[in-house]
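Quick notes on the structure that follows.
The values are calculated or read from the model by the stated rules, or taken from the named source; none is laboratory data. All figures in this text were calculated on a predicted structure; none of them were measured in a lab. Glycine gets a Cβ as well: all are built from the backbone with ideal geometry, and neighbour counts include every protein chain shown.
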Amino acid sequence: MNYPQNYLESVIFEFHQYKTLGDKTFEQLDESDIYWKKNDSDNSIALIVKHVVGNMMSRWTNFLTDDGEKAWRNRETEFVDPYTSKQEMIASWEKGWK
């Protein structure tokens, strides 16, 4: 394995590692798996991904000029109404990583 030699390479390497972990996890899930919760107080995978995507979009949009949370983000809505399908969840996941 080729490990990065500087900070920026290291950050990019780690981002790719986390994206790959998510992608490989989603490949293993059936449509119904993304909505599974052990109990009513838990969040499903679909809601967790929705929240992670919201965070990525907010934190990384214009990150060189705008600091932190964006005014347009409504964090609390990320925990209601999960994606309607695995395909929609993955499309949003990809948008968050771009």
If you go through THR61, THR65, THR20, the only one that is over 13 Å from the mean Cα position of the chain (by Cα), closer than 15 Å to TRP97 by Cα and of a type in the set (Val, Ile, Thr) is THR61
Reported set for region 63-83 where residues are of a type outside the set (Asp, Glu) and more than 19 Å from TRP93 (Cα to Cα) is LEU64, THR65, GLY68, ALA71
Heads up, the helices (runs of 4 or more DSSP H) in the chain (entirely inside) with at least 2 residues that are of a type in the set (D, E, K, R), loosely packed, with under 10 Cβ neighbours inside 10 Å and on the phi < 0 side of the Ramachandran plot are 7-27
Exactly one of GLU14, GLU78 is in contact with a Pro (Cβ under 9 Å, 6 or more places away or on another chain), modelled with pLDDT under 95 and not aliphatic (A, V, I, L, M), and that one is GLU14
Note: among LYS37, LYS19, LYS24, just one is among the basic types (Lys, Arg) and touching a Phe, Trp or Tyr at 6+ places or on another chain (Cβ under 8 Å), namely LYS19
Scanning region 46-72 for residues that are more than 25 Å from VAL11 (Cα to Cα) and free of Cβ contacts under 8 Å to residues at least 24 places away in the same chain gives ALA71, TRP72
